[in-house]
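The structure under discussion appears below in the form of structure tokens.
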Amino acid sequence: MAAQIIDGTVIAERLRAEIAQEAARYAAQAGHPPGLGVVLVGDNPASASYVRMKRRACERAGLHSVGHLLPATATQAEVEAAVNDLNDTPAIHGILVQLPLPDHIDEETILRLVSLDKDVDGFHPINIGALAMKGRDPLFTPATPTGVMVMLREIEAPLTGANAVVVGRSNIVGLPVALMLLKANATVTIVHSRTRDLAAVIRGGDIVIAAIGRPEFIRGAWLKPGAVVIDVGTNKIDDPASERGYRYVGDVAFEEALPVVSAISKVPGGVGPLTITMLLDNTLKAAWRTLESR
Ligand code: NDP
């Protein structure tokens, strides 16, 4: 049977329409829209483009957004002041610190400073800690891993008891997605650059989450027949045949994987659009929580 291709754009469009409706309902009740505050330090073009996309998505869904755009030379104190300002602004319900921060900024201190109930990126150590602990629920879960889980639920992939292999162990994708799969009762293996015989471990995966940032690194022959693959990787490669001279591919060799797997997400148009959607959803949840706690 042909593999199902999971289109993140289609899922995201539906969810964003629901979020827009909810945001309008919130605004009518609260007298102001849900608000997202963004801190961007430096001029990394990818980060700047992510921030632009996030702010545009906010506008479209009826959320208010404000930006603290600081130069690459900003000091630790200046970045902390930007976060504190957003912490103290009642019209801001969620705070996003765009990572990575420049090397001279202490990232952990900055993330710790974000008010817990505005931590819509879910990176505060207390939220990550709650995600890691049995019987605890974080206030927010990180956007990209949550997008992965939304995709898995969308296609009704059986998670309980499934062997899930997460390729990559970064703080923003691999590790939190592994914790979320564990909470969903999957049997989780995390592999990384020091793993021996990566292909053999990946071949044991009923579910494979690829998040390594290496173009088409995971070959079709490494995958278990019938596996469900969510490809988080977004890698820019040269492509003289395309108008722009480049295109984006995932961490999985898509064409090789297609005849083997039961479902696989697209790149681009896969996890990316869902990441932004989950950020909007978390901001809306934060806004409701604030209103309801008054
Ligand atoms: P990082 O570079 O932070 O982490 C990469 C992980 O992959 C590390 O754990 C590393 O292992 C592992 N790895 C690297 N090379 C290999 C290898 N040859 N074999 C096995 N493991 C390897 O990346 P991110 O997690 O930030 O991002 C991963 C990918 O996801 C990127 O393509 C990124 O662009 C994409 N991404 C997409 C998002 C979206 O919204 N769609 C959002 C965020 C990221 P080790 O720990 O041992 O170094």
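The values are calculated or read from the model by the stated rules, or taken from the named source; none is laboratory data. These figures come from a predicted structure and were not determined experimentally. No Cβ is skipped: glycine too gets one built from the backbone with ideal geometry, and neighbour counts run over all protein chains shown. SASA here: full protein model, heavy atoms, side chains in, ligands and nucleic acids out. Shrake-Rupley method; radii C 1.70, N 1.55, O 1.52, S 1.80 Å.
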Within the stretch 264-294, restricting to residues that are assigned to a loop (DSSP other than H, G, I, E, B) and away from the ligand (no atom under 16 Å from the Cβ), the one that is nearest to Pro215 (Cα to Cα) is Ser293
Taking the condition of being hydroxyl-bearing (Ser, Thr, Tyr) and surrounded by fewer than 19 Cβ atoms within 10 Å (Cβ to Cβ), how many residues in the stretch 51-86 meet it? 2
Could you please find all residues in the stretch 59-70 being farther than 14 Å from Gln98 by Cβ and either outside the structural domain of Gln98 (by TED's automatic domain parsing) or in contact (Cβ under 8 Å) with a residue 24 or more places away in the chain (or both)? Arg60, Ala61, Gly62, Leu63, His64
Number of positions in the stretch 102-143 that are in contact with a Pro (Cβ under 7 Å, 6 or more places away or on another chain) and open to solvent by 60 Å² or more (accessible area, probe 1.4 Å): 1
Could you please give the count of residues in the stretch 15-67 that are basic (Lys, Arg) and closer than 15 Å to Ala143 by Cβ? 3
Expected output for the stretch 268-281 (first residue at positive phi, partner open to solvent by less than 30 Å² (accessible area, probe 1.4 Å), Cβ below 7 Å, 6+ apart or cross-chain) is Gly269/Gly8
Which one of these does Ser265 not meet: (1) crowded, with 16+ Cβ neighbours inside 10 Å; (2) more than 28 Å from Val97 (Cβ to Cβ); (3) of a type in the set (S, T, N, Q)? (2)
Give me a count of the residues in the stretch 231-247 that are farther than 23 Å from Ile6 by Cβ and not in a loop (DSSP other than H, G, I, E, B). 2
Requiring at least 3 residues that are in contact with an Asp or Glu (Cβ under 9 Å, 6 or more places away or on another chain), the strands (runs of 3 or more DSSP E) wholly within the stretch 1-108 are 64-70, 94-97
Which of the residues that make up the stretch 237-256 are within 16 Å of the ligand (Cβ to nearest atom) and either small (Gly, Ala, Ser) or modelled with pLDDT under 95 (or both)? Gly250, Ala253
Report, by residue number, each residue of the stretch 207-262 that is under 23 Å from Pro158 (Cβ atoms) and among the β-branched types (Val, Ile, Thr). Ile207, Val208, Ile209, Ile218, Val228, Val229, Ile230, Val232, Val252, Val260, Val261
Return the residue satisfying two criteria in turn: it lies in the stretch 274-294 and is within 17 Å of the chain's Cα centre (by Cα) and open to solvent by 30 Å² or more (accessible area, probe 1.4 Å), and of such residues it is farthest from Pro176 (Cα to Cα). Lys285
Can you name the residue in the stretch 156-166 that is open to solvent by less than 30 Å² (accessible area, probe 1.4 Å) and in contact with a strand residue (DSSP E or B) (Cβ under 7 Å, 6 or more places away or on another chain) and is also farthest from the ligand (Cβ to nearest atom) among such residues? Ala162
